[in-house]
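Written below as structure tokens is the structure these notes are about.
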Amino acid sequence: MAEANSRVRLVIVARRQLDADALAALCQAHAEFSVLSATNDIESASVLCGHRRPDAVLLDAQLLSGSDRHSTAWALDPFGDIPILLLDDDINEARLATILQVPRIGYFTRRVKFEEIAAGILRLVRGERAFGPLVEERLQQTPAGWQLRRDQPRSPFAILTPREVEVLRLI
């Protein structure tokens, strides 16, 4: 974890290099962060994390191969115990339900201001949970941990993986 006087060392992984570079520029302009790498290759990012041990990873959720428990766990496993903030286009409830079981992972959508993402990264580095405001509306804290709220109406499409939604759109 970053010391109180040092900057939080980040690895940024996005599906497009332009997105990774833009996020890196935002982070570098923020006094709290130092970017070790900005890439669109999740495998090289995980290798770098093994060698350089950043304080956190900002990861585009679309790089995860699916939203089921096994594919998400497989994609995140190489990062070990490094806190990860997933950044998703929209809330994927299946993916969200999966990451709720892992305390070192935060979840935000791209609909928030960068300042909220930055605050979320800092909370993760301190060992706290971090969720974007739209995500928090769908969650509740229980004695068993964070869970999806059951009192909110759910779309029948909420359980579909991103690939299944893509196939339905093509049909």
Of all residues in segment 2-48 being in a helix (DSSP H, G or I) and of a type outside the set (A, V, I, L, M), which is most open to solvent (accessible area, probe 1.4 Å)? Glu43
Residues located in segment 105-117, provided they are touching a Phe, Trp or Tyr at 6+ places or on another chain (Cβ under 9 Å) and surrounded by fewer than 18 Cβ atoms within 10 Å (Cβ to Cβ): Glu116
Could you check, for segment 134-142, whether at least one of its residues is farther than 25 Å from His30 by Cβ, open to solvent by less than 20 Å² (accessible area, probe 1.4 Å) and at pLDDT below 90? yes
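The values are calculated or read from the model by the stated rules, or taken from the named source; none is laboratory data. Owing to the predicted nature of the structure, the values given are computational and were not obtained by experimental measurement. Note that each Cβ is placed from the backbone with ideal geometry, even for glycine, and that neighbours are counted across all protein chains shown. Side chains are part of the model used for accessible areas, which takes the heavy atoms of the whole protein and leaves out ligands, DNA and RNA. Shrake-Rupley method; radii C 1.70, N 1.55, O 1.52, S 1.80 Å.
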